[in-house]
Structure formats: C-alpha cells, structure tokens
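The values are calculated or read from the model by the stated rules, or taken from the named source; none is laboratory data. Remember, it's a predicted structure, so these values are computed and weren't measured experimentally. Reconstructed Cβ throughout: ideal geometry from the backbone, glycine too, with neighbour counts over all protein chains shown.
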Amino acid sequence: MKAIAGSEKPHQAIARQVSKVRDTWLPSLHRLCLRCSHKLEMRKKKRRKEVIMEKIIVALDAMGGDYAPEQTVQGAVNAVNSAEEIKVILVGKQDLIQAELAKYEYNSDSIEVVHAEEIIDMGDVPTAAIKNKKDSSLVVAMRLVRDGKADAVVSAGSTGAILVGGQLVVGRLKGIKRPPLAPFVPTTKGFSLLIDCGANVDARPEHLVQFAQMGSIYYENVMRKKNPTVGLLNIGTEEEKGNQLVKDTKPLLKECKGINYIGSIESREIVRGAADVIVCEAFVGNIVLKFFEGLALTMFDSLKQGLLSSLRTKIGTVLVKPALKGLKKQFDTSSQGGAPLLGLKGLVVKAHGNSTCKEIEIAIKQCVSFKKQGINEKIKESICD
C-alpha cells in the first residue's frame, strides 16, 4: 500500500510521539525525582543530626563558689554557646540568675533555670546541711541527677557537702565502698590522675584497690591510653618502705587483675609523669594537690616579678615570652576542669571554690566526655558486677 504524499508512515508517527513524550515529560519527571531525592536526603540528615545532637544535660549549682552567681552563669553561657550538644540547668535563686543571664546572648533552649531558695555555705556542717537544707541549690541539682532529669552536676561549693550529697542524694553504685575524688594534675608528659585527693581520709587497703581500678578506667577512656600505669604514692620505692596502709595495699594491687601496677612512686616523681594513675588516701592526696597548686602559682608570680625587675630583663622577656606562655599553659592546674567523684550512680564534678567562668565552662564540658565514654557503665561492669 502506497503512502499518501506528505503523510507520515505509522512508525514515523510513533517515533514522533515518543520523541514528544521524551522531550516534554522526561525532564519534568527527572526534576520531580531529583526533588524527591533531595527531600529524602534532607530528612535523613535531619534525623542523623537529631541523633548526633542529643543534648547532654548538666545541672549547675549556680550559687556555689566564691564568685557565684556571676562567674557560674557566665561559664554556663560560654559552654552552651561553644557546644550545641550541651544543655545547662542553672539551679539557685531565680531572680539573681535571671539578672546575670540578661547580660548575655544564648540559645534559650540550651539554658533552663530551676529555683532553689537556700544556699549551703562553706561554714555549714556538711551532713547537717545536706539533710536540713533540702531546698538548697546543691541538693536540688543533685536530685535532678538522681531522678534522671540531668546527666551530671557541677558545683564549686563546699567540698564536704558535695561529698556527702553525692553519697546520700545521688547514691553509690552497688559494690563501690568509697567514692574518690580524682583530679588531673599536669606533668612533663601530659597529665596524671591523682586519686583520692579529698574524699576519704581514713581509707583502707581495699578502698585504695578500688581507687586504682576506677582511676584506670577513667584515665584510659578520657585520655585514650590503653593500659595506663598505676603507681602507689609512697615515701620511697623500696619494698619495705611505707606506713601500714601502704604496706597492706601493695600485695593487693599486685594481685589485682585489670590494672597495670608498676609499684611505689615518690612525690617528686609525680611532676615527671612517673605513673598515669597515682593512688593514695585523701589526706595525703589533698596535701599534694594543694602544694602543687600553691607552688605553681608562687613560681609563676616570682618569675614574673623577676622578669619585670629591670630594663634588661624586660627585653629578655620579649624573647622568651612564647616559651613562658607554653610552660604556663602546660602546668595550668585549671585546664582540666573539676574533679569527678567516681563510683556514684550519676556524675558529680567538684570545681575549685575560686573557679572563674573559664573553669566552670571546662568543668561542664568535662561532663560531656564522661558521658560519651560511658565511664559509669564501665565502672559498673568492671568492678560492681
């Protein structure tokens, strides 16, 4: 059958229609697929971000410390402004806290204020204060941790009240005999953990063994060092030296599995980084810590006075200034935040009484690392079970 002149053959008509569909509909369909794919990817990213950005909640005793609430509130604001994953609950006198917050800009979702009418003073008897001042900023903050409304509590208030409240309000993990305070101290090799430095002045050998176990877990996870070394603070490295507590503790540490015990170390070896974890009872530990802090402050003050005493020394200071800054930073005892009270059901961090906003900020951020590494869970698995 002959085709009529000027008319299309059937296969040509089909090809033309296919071409029309391809040119008209396929681009639209392609764009629609791209939009759907983009929306799906954005939803996935949003869900991933929500999982990643699950906030860690820190209850801050806003009335605790020498410079509260000015420095505590500023430290909280600095922490949430520099880390989106942190939420801070400021506990204390609401009017005073709100007056301080009005000075700063911050995400309102990252800071909450919980009113507490009372304040535990440094002169209060710790046990009586915790039992009688139930509406104090410290006790209310600790109850938030106990009730699961906060992941950690930070306070620069009374050390005694924090130690008592940690055990009575937050509670000890089952199997933990004595919760120790464990601050980091700077050394020429980095940092060592001094445990205990103030919580248990009449410790027994079995307590020191648990200090070594908890300290090893904490150091390994926070400092990311496998099998950290453990040393027992003593007046000499010889086997026969030490008081009765030290002598009775030595064989227990040698037999303890899961720790890298290297023997006794002397106090002069602490600053050289002789051991990653330094075990002692609280009376000795507190003296060492405060001597360390006082010596560092005195040394840098004396050095500053000497360098600025004459024109010649001032000129020399310009040349050595970078090295001095590095040295000061290396031995800054405040750079690691507060001291955690290990072995409790929730994290309790004791910041220094004269903490500024910088130290408060560091102590708050310290809680993030503790929570992410699951320190409490690992202590419970390794020691309590």
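Test Val18 against the stated conditions and say whether it is surrounded by 10 or more Cβ atoms within 10 Å (Cβ to Cβ), modelled with pLDDT of 95 or more and either assigned by TED's automatic domain parsing to the domain that holds Glu359 or not charged (D, E, K, R) (or both).
Details: surrounded by 10 or more Cβ atoms within 10 Å (Cβ to Cβ): yes; modelled with pLDDT of 95 or more: no; either assigned by TED's automatic domain parsing to the domain that holds Glu359 or not charged (D, E, K, R) (or both): yes.
For Val18, the condition - surrounded by 10 or more Cβ atoms within 10 Å (Cβ to Cβ), modelled with pLDDT of 95 or more and either assigned by TED's automatic domain parsing to the domain that holds Glu359 or not charged (D, E, K, R) (or both) - is not met.
Hey, does segment 123-131 have a residue that's crowded, with 18+ Cβ neighbours inside 10 Å, assigned to a helix (DSSP H, G or I), under 19 Å from the mean Cα position of the chain (by Cα) and assigned by TED's automatic domain parsing to the domain that holds Gln98? Give the derivation first.
From segment 123-131, those crowded, with 18+ Cβ neighbours inside 10 Å are 124, 129-130; that's our starting set.
Restricting the remaining residues to those that are assigned to a helix (DSSP H, G or I) gives 129-130.
Checking which are under 19 Å from the mean Cα position of the chain (by Cα) leaves us with none.
For segment 123-131, residues crowded, with 18+ Cβ neighbours inside 10 Å, assigned to a helix (DSSP H, G or I), under 19 Å from the mean Cα position of the chain (by Cα) and assigned by TED's automatic domain parsing to the domain that holds Gln98: absent.
Just to be sure I understand, how many residues within segment 348-384 are within 15 Å of Val153 (Cα to Cα) and of a type in the set (S, T, N, Q)?
Total satisfying the criteria: 3.
Could you list, in sequence order, all residues of segment 200-233 that are in a loop (DSSP other than H, G, I, E, B), on the phi < 0 side of the Ramachandran plot, surrounded by fewer than 23 Cβ atoms within 10 Å (Cβ to Cβ) and not acidic (Asp, Glu)? Working first, answer last.
We begin by selecting, within segment 200-233, every residue in a loop (DSSP other than H, G, I, E, B); these are 200-204, 223-228.
So of that shortlist, the ones also on the phi < 0 side of the Ramachandran plot come out as 200-204, 223, 225-226, 228.
Checking the rest, the ones that are also surrounded by fewer than 23 Cβ atoms within 10 Å (Cβ to Cβ) come to 200-202, 204, 223, 225-226, 228.
Within segment 200-233, Asn200, Val201, Arg204, Met223, Lys225, Lys226, Pro228 qualify.
Tell me, which residue of segment 335-376 that is of a type in the set (Ser, Thr, Tyr) and surrounded by fewer than 18 Cβ atoms within 10 Å (Cβ to Cβ) is modelled with the highest pLDDT?
Looking at residues that are of a type in the set (Ser, Thr, Tyr) and surrounded by fewer than 18 Cβ atoms within 10 Å (Cβ to Cβ), I get Ser369.
Checking Ala275 against (1) small (Gly, Ala, Ser); (2) at pLDDT 85 or above; (3) surrounded by fewer than 18 Cβ atoms within 10 Å (Cβ to Cβ): exactly one of these is not met. Which one?
(3)
If you take the residues in segment 68-83 that are over 17 Å from the mean Cα position of the chain (by Cα) and at pLDDT 95 or above, which one is farthest from Pro340 (Cα to Cα)? Break it down stepwise before answering.
Of segment 68-83, the ones over 17 Å from the mean Cα position of the chain (by Cα) are 68-71, 73-74.
Still in the list and also at pLDDT 95 or above: 69-71, 73-74.
Values: Pro69: 21, Glu70: 23, Gln71: 20, Val73: 20, Gln74: 21 Å.
Out of the qualifying residues, it is Glu70.
Within segment 44-53, is there a residue that is modelled with pLDDT of 65 or more and surrounded by fewer than 19 Cβ atoms within 10 Å (Cβ to Cβ)? Full working, then the answer.
Residues of segment 44-53 modelled with pLDDT of 65 or more: none.
The answer is no, given that none of the residues of segment 44-53 is modelled with pLDDT of 65 or more and surrounded by fewer than 19 Cβ atoms within 10 Å (Cβ to Cβ).
So in segment 84-102, with the set limited to residues that are modelled with pLDDT of 95 or more and part of a loop (DSSP other than H, G, I, E, B), which one is surrounded by the most Cβ atoms within 10 Å (Cβ to Cβ)?
Of all residues in segment 84-102, those modelled with pLDDT of 95 or more come to 86-102.
Subset that is part of a loop (DSSP other than H, G, I, E, B): 93, 102.
Working: Lys93: 19, Ala102: 8.
Within segment 84-102, the match that is surrounded by the most Cβ atoms within 10 Å (Cβ to Cβ) is Lys93.
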